1. Is the C-alpha gyration tensor of region 184-355 telling us rounded, prolate or oblate? Criteria: a/c under 1.5 is rounded; beyond that, a/b larger than b/c is prolate, otherwise oblate.
2. Sort 332-342, 353-363 by packing, meaning the average of other beta carbons within 10 Å per residue, with the highest value first.
3. If you count, for each residue, the other Cβ atoms within 10 Å and average over each peptide, how do 34-47, 164-177 line up from highest to lowest?
4. Given an 8 Å cut-off on Cα distances and at least 6 residues of separation, report the relative contact order of the chain as a percent.
5. Select from Pro89, Asn74, His101 the residue farthest towards the positive end of the dipole of region 63-102; place +1 on Cβ of Lys and Arg, -1 on Cβ of Asp and Glu, and compute about the Cα centre.
6. Taking K and R as +1 and D and E as -1, what net charge do the other residues with C-beta under 12 Å from the C-beta of Leu358 add up to?
7. Taking a cut-off of 12 Å, what percent of all Cα-Cα pairs in region 150-212 are separated by more than that?
8. Per-residue counts of other Cβ atoms within 10 Å, averaged by peptide: what ranking do you get for 126-137, 21-32, 285-296, highest first?
Amino acid sequence: MKVLHLFSNAKFTGPAELALNLCVTLRTLGVEADLAFPDLPKGRQHTLRDTARERGIEPILDFRLNKHENPFANFLDARALSSFLSKRPYDLIHCHLDNDHRIALAASRKLKIPVVRSSYEGLGMTNLRRHRPLIKGTARIYQPSQVALRHDLETYGYPLESMQVVPGAIDVRRFDPARQVPDGRERLGISAQAFVIGIVARMQTHRRYEDFFQAIRLLTDEGVDAHAIVVGRGTNQESVGKAPARALGLSERVHFPGYVSGDDYVGMVKAFDTKVFLVPGSDGTCRAVREAMAMGKPAVVSDRGMLPEIVNAGVDGFVCDGSPNGLFTALQQLAVDPARCAQMGRAARDKAVSTFSLDAQARAVREGYEIVLGNQRH
């Protein structure tokens, strides 16, 4: 089975690593998965290209694959892709973003190559004008959640049998609590005895940081030695994060390491006792929640978006209304009962390995490929 993956963005951002990881893992399952994305001008750092090569994939850099639709560039790309596919036949084209999806449909029409799509929209494809023509010509859609699947079923009438929910995947070997990684608590001067609540999100006004800080204040008022680690950056860091923390008297208890990457990031997540996630952002699949769960951290999430599908309330975390009191009630249960917190953490790790691993994702995707090709043969 030969599958060409298209990714219309040169930046190592958004779902770029997800698409790359999927291709790498599919190859371990016997699928000849290639990945095409745009090149960058000579001299510019190309993290996506370099990372792909490090992971054993020589990327195809033959197409423009603009992030945004450009009628003329898309026409040239569709023609170039059609010619490429005539010389290097593939069984399927797997798209990851809207514009590569658009180009793939135009290029594959005469060649009769099925096009499938991974959606990273946690609530479904909500731009009717843009998504309706894309969905119409697609053989299968891999949905990140039941919420998204129901939305696209009800909104577009897309056949239920041509969709499947494939949870977003993470590298459970990288996010493994047994790994030796930099000590996040030591870096921030937090004691080993403190109860640490982590949050990973860009510092934006809509992310409900004020509710999070008020919950921390309620915890400390009840005598809990609570500390918060806020991982993320943004132009609103002062107004959204530091100023509200100061106003609540939490300057010594709320820590702002900013953007953290590599094993430093893994070590920061390892420093958490629990992970809070309140509002899905640009990554509608809420990957940061699954990363924390893989590290053996129970998650406390709001009932927004697809978050209730990720966390099994009372087993590997808690789902609440996201209010300060709701967060406080959930966090207090973990803070005062370390044994229960540890038990839920083990359940979170088990779920991550069985459900959110790269291998589990790739096997589910390959199963979808087989269904599409089987339907084509019949």
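Readers should treat all values here as calculations from the given coordinates under stated rules, not as data from a laboratory. Remember, predicted model here, so these are calculated numbers, not experimental data. Quick reminder, even Gly has a Cβ in these numbers, built from the backbone with ideal geometry, and neighbours come from all protein chains shown.
1. Numbers: a/c = 1.29, a/b = 1.19, b/c = 1.08.
Here region 184-355 falls in the rounded category.
2. Working: 332-342: 15.0, 353-363: 18.0.
Those peptides, ordered most packed to least, come out 353-363, 332-342.
3. 164-177, 34-47
4. For the chain, the relative contact order is 15 percent.
5. My answer, from the dipole projection, is Pro89.
6. +3
7. 82 percent
8. Ranked by mean Cβ neighbours within 10 Å, highest first: 285-296, 21-32, 126-137.
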